[in-house]
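Participant: I am attaching a structure below and will ask some questions about it afterwards.
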Amino acid sequence: MILYFIHPDRDSILEPLCFPDDSAPSAPSHSSAGSEPLPCVFCPESVPSLDKDVLLKHMLMQHKLVIADVRLIADLPKYLSYWKGRFLEQPITEFCSVIRTNSTGPVEKQEEYFLLCDVLSEDRTLRENLQQKRLEDVLDQQQREREDCSFQRLCMFCSEEFTGNRSTLLNHMAKEHAFSIGLPDNIVYCNQFLDTLQSKVDNLQCLYCEKSFRDKTTLKDHMRKKAHRRINASNHQYDRFYIINYLELGKSWEEVQSEDDRELLEDEDDDWSDWEAHPVSAVCLFCHHQSENMDLIHTHMKETHGFDLHQLKAELSLSFYQQVKLVNFIRRQIHQSRCYGCSQSFDSPADVLLHINAEDHVMKLPDTSAWDQPQYYFPTYENDGLLCSLSDSEENDGNRTAHGEDVPVLAEDVSNLREIRQTSVLKQLLKRRKLPTLLMCKSVRFYNIMGGAVTWRPCCSCSCWAAGSVRLC
């Protein structure tokens, strides 16, 4: 769940952005969507369902309300109508979390936003009920199509006419033209699906790569030679035509298909031996260069763009969360065509990058109060792998280990334990500090030669005491 709280005088990001090669699927739209208007939950304002973003922006700007994961709501008009009624019955604070922006600034510059999400059990139940109702409607529609014998349509490849049941045409295209869109029983809204495909072919557009061609013959040759007589599974325009996309709330067909329930039945023990981690690819802050090696991304940004995130982290003593906010701030500013160093606006992100390089603003940051704000906890891009490479400056185990290796350690001869107890440096320290007599362990195994003041503390591994680096254990 990713939300954005942006000041009204700036461009609004109403849903999470994605890098071009990894688009986030949304819930498939119902075939009848488009006729029912979307009402504002606070005022009489309403918009056509196709203008969803207009309404979301209105509620954000005018009423400070943010609805989480809007794209996963099965029936947005009914969802908004329900909460419109509930907000008339009780204050909004009974249902929504309150998030205050600019919390460290002056009171007059602070703003409160209301977050409505499925953390609230009532909201979760509503979303699930709408999902279930949509699934029932879709299954009813599919059953009607399976039993319909009035189907009549021409094949889009050979113009042969088919009548009766839709399966005859689909099986013909799969067998004769090697073009399969799936089993007929897995498809819903078949006529709309075929209309969409026919429209692309009529516009001389490849069904897979969606490139356009000058004539139908060239298009057919291209689809045959490139094996493009298929639809692109990554095109989420087709999701609403497959039953699998309606089965579980917030899950696409890829996620449902990847789940193997057989493992739960065959073996109740958790076995991670065959688990393979999917590498996370990080994208540069300033260009489209990406890499699965985080060190290479930081090196690229330093050598190509002159931006050294590690240097900023050291100079400003940035914590992990401050690094997260800084990265999200820079991403947001560049996306909105604004220089993060001087706040000057431009026509495009490309113009911003030219300005940053020309004015040497790459390592120039505004005052901390501009980017160290709660709204920048939320990523600008929901699949931002660069955030996975950040680390807390206090958790650099490598530095601590190297430092520890500089301390000389000498081993004592423990063959005569009585003499050691009588002549031990620790015994002299006890006398000087006038500490009470302490019970010592069986032997003194190691001690470090250290200078400076001695600090006493309980030993970490037993009931005796240790002074500085001198331990009895």
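The values are calculated or read from the model by the stated rules, or taken from the named source; none is laboratory data. Computed from a predicted model, the values in this text were never measured in an experiment. Here Cβ is always computed from backbone atoms with ideal geometry, including for glycine, and neighbour counts include all displayed protein chains. What goes into the accessible areas is simple: the full protein's heavy atoms, side chains included, and nothing from ligands, DNA or RNA. Shrake-Rupley method; radii C 1.70, N 1.55, O 1.52, S 1.80 Å.
Participant: Which entries in the list Lys52/Lys226; Lys64/Lys325; Lys64/Lys211; Lys133/Lys211; Lys225/Lys302 go over 32 Å, if you measure between the two C-alpha atoms of each?
Facilitator: Lys52/Lys226; Lys64/Lys211; Lys133/Lys211; Lys225/Lys302
Participant: Separate question: Consider a paramagnetic label point 7 Å from the Cα of Glu161 along Cα→Cβ; state which residues of the range 192-214 have an amide N under 19 Å from it.
Facilitator: Correct set: 195.
Participant: Within the range 157-228, report the GluC sites (Glu not before Pro) that DSSP leaves as loop and that have at most 16 other Cβ atoms within 10 Å.
Facilitator: Those satisfying the criteria are Glu160, Glu210.
Participant: For Leu72 and His335, calculate 0.36 nm times their separation in residues minus their Cα-Cα distance, and state this gained length in nm to one decimal. Don't skip to the answer; put the middle values down first.
Facilitator: Details: separation 263, 0.36 × 263 = 94.68 nm, distance 2.43 nm.
Here the answer is 92.3 nm.
Participant: For the range 278-399, which whole-number percentage of the solvent-accessible area (1.4 Å probe, protein heavy atoms only) is attributable to carbon and sulfur atoms?
Facilitator: Answer for the range 278-399 is 48 percent, counting heavy atoms of protein chains only.
Participant: Still on this structure, please answer the following. Extending each Cα 7 Å along its Cβ direction at Asp53 and Cys209, get the distance between those two points in nm, one decimal.
Facilitator: Here the answer is 2.8 nm between the modelled labels.
Participant: Might you work out the accessible area of Ser369 for me, using a 1.4 Å probe with all protein chains in place, and round it to the nearest 10 Å²?
Facilitator: 70
Participant: Please give the per residue accessible area of the range 144-226, computed with a probe of 1.4 Å over protein heavy atoms only, in Å². The partial results should precede the final answer.
Facilitator: Numbers: 4730 Å² over 83 residues.
I get 57 Å² per residue for the range 144-226.
Participant: If I model a spin label as a point 7 Å beyond the Cα along the Cα-Cβ vector, how far apart are those points for Leu296 and Leu120 in nm?
Facilitator: About 4.7 nm, to one decimal.
Participant: In the range 171-248, what trypsin sites (Lys or Arg not before Pro) fall in a loop by DSSP, with at most 10 other Cβ atoms inside 10 Å?
Facilitator: In loop regions of the range 171-248 (DSSP not H, G, I, E or B), the sparsely surrounded trypsin sites (Lys or Arg not before Pro) are Arg214.
Participant: While we're looking at this one, here's another question. Can you tell me the FRET efficiency between Ala178 and Gln311 if r is taken as the Cβ-Cβ distance and R0 is 60 Å, rounded to the nearest 0.05?
Facilitator: Once rounded, the FRET efficiency stands at 0.60.
Participant: Report the extension gain between Thr304 and Val280 in nm, rounded to one decimal, defined as 0.36 nm multiplied by the number of residues separating them, less their alpha carbon distance.
Facilitator: 6.5 nm
Participant: Rounded to the nearest 0.05, what FRET efficiency do Ser343 and Arg86 give with R0 = 45 Å and r taken as the Cβ-Cβ distance? Could you check?
Facilitator: With R0 = 45 Å, the Cβ-Cβ based efficiency is 0.65.
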